[in-house]
1. In straight Cα distance, which aspartates and glutamates are under 12 Å from Lys134, not counting same-chain residues fewer than 8 positions off?
2. Within the range 190-219, report the GluC sites (Glu not before Pro) that DSSP leaves as loop and that have at most 12 other Cβ atoms within 10 Å.
3. Using 0.36 nm per residue, how much length does the chain from Arg93 to Thr358 gain when fully extended, once their Cα-Cα distance is taken away?
4. Quick query: amide H of Gly307 versus all other amide H atoms, modeled in the peptide plane; which residues come in under 5 Å with a sequence gap of 5 or more or a different chain?
5. Go through 304-310, 275-281, 365-371, 341-347 and give me the packing order, highest mean Cβ count within 10 Å leading.
6. Residues with amide H under 5 Å of Phe246's amide H, sequence separation 5 or more or different chain, H placed in the peptide plane at 1.01 Å from N; which?
7. Once phi is turned into ³J(HN,Hα) by the Karplus curve 6.51 cos²θ - 1.76 cosθ + 1.60 with θ = phi - 60°, what whole-Hz value does each residue of the range 323-338 show in order, with x for glycine and proline?
8. Compute the length gained on full extension between Ala278 and His257: take 0.36 nm times their separation in residues and subtract their Cα-Cα distance, giving the result in nm to one decimal.
Amino acid sequence: MQAQPQRVSGRAVGAVMFIAALAVTIAWIVIRVFFTVQPAEGEPSGATMTASSNAVGSVAERAAPRAITKPFDHVIVLSIDGLRADAVEDAVRRGRPGFAALLEGPHTLEARTDPDITVTLPNHTGMVTGRLFKGPQGHNWLPNDLPPTIVEGGTLHAAHGSYVPSMWDVAHDHGLLTGMIASKEKFILYDNTYREEQGAPDAVAPDHGRAKLDVVELAFRGEGVERKAEAALDRAAADGRRSLWFLHFADTDFTGHGKTWDMTPGSDYLACVDRMDALVDRLVGHVGSNPSLKGRTAIIMTADHGGGAPPLSHTVHDSPLNFRIPFVVWTGDGAAGDLYALSPTRSRPSASERMTATGGAPIRNADAGNCALWLLGLPSIPTSTVGAEQDLLAGWSRTDR
Ligand SMILES: [Zn+2]
């Protein structure tokens, strides 16, 4: 009696193994096809730009990338570390002014982090390079601590095995002033990656040198990031320079790690969210009160990850608590809009959907770099894959106030 079920189970195991092998083969083919259709490493995505800008007349299924009618002179990419989308919603509901002001622009509270990792450096690397973490075209930067020194391999290029261009490369090569003001020491990774010796030769004449970041400031726990940013913006405007900035507030992440991402009224986390709201309010007010910035400055606000899974961290990459983040494009014209409705090539996930790398194209924090460049009237980051066609805001046009 025992031999019979054993034989059956042996056959079943064989069948399962065959199906598993078949599934792996199919998955491998799908992955190969997926990566083959993407632009090859080293091929500038500008080629796609030029080709499709000729095709404006024909209404393609996929919205053709097109230039912004009136580029902004200054763009700020603001990342608020550990800021959950529902915390933004909650602050607005409680009448806080900062996020409410930002939401007077195209936005979504259903944006996504990198599909495979929800920690700080890999996601910020996505924002500035327009790449996801994994895969042959991924940026592949994993460490989330203070990076090794340059000679020990502490650059994005060393981790990836070839040069990884950033939004700063494009802006710098086109003659804009570039800067990073961040509030965690480990962001020195980007300083190390884009110094004079590590940066690529300037791709656009005239030659502005190889260092891609003109201004680098690392402030402790977000202290003074907004003041430094305001001063830097004012200087750029006074010098008649156009500019691209990356700003980073870290406080919400520190509070989450210390006290959990507690969304109950009066929690430490929500009090910290309110402090970030006040900084945002101050920044928006500053732009509005400086005639040389007003109407010429856009702010992209997003987050590297949410938090709360596990309660004192954000490492569970398939938890909605961690992967749901805001993505806001503040243009200063007061016209709010749903960023998904304005970006028809993107698929809006349900609140519980993570969206894997091959599972449709949501709006991700890694869209920030290419979106910023588009707002400045510049081409996308060469070899980038997220938003490389600058299709975000394809259904939006800039109107004069
Ligand atoms: Zn953290």
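1. Correct list for Lys134: Asp114, Asp116.
2. For GluC sites (Glu not before Pro) across the range 190-219 that sit outside H, G, I, E and B with at most 12 neighbouring Cβ atoms in 10 Å, the list reads Glu196, Glu197.
3. Fully extending the segment from Arg93 to Thr358 adds 91.9 nm.
4. Result for Gly307 returns Asn322.
5. Ranking, from highest mean packing down: 365-371, 304-310, 275-281, 341-347.
6. Val77, Gly179, Met180, Ile181
7. Each residue's phi maps through the Karplus curve to give 8, 8, 9, x, 9, 10, 10, 8, 10, x, 9, x, 9, 6, x, 7 Hz.
8. Working: separation 21, 0.36 × 21 = 7.56 nm, distance 2.11 nm.
The Ala278-His257 span can extend by a further 5.4 nm.
Each value in this text was obtained by applying a stated rule to the coordinates, not by laboratory testing. Here the structure is a predicted model, which means the values were calculated and not measured. Neighbour counts are summed over all protein chains in view; Cβ atoms, including those assigned to glycine, are modelled from backbone coordinates with ideal geometry.
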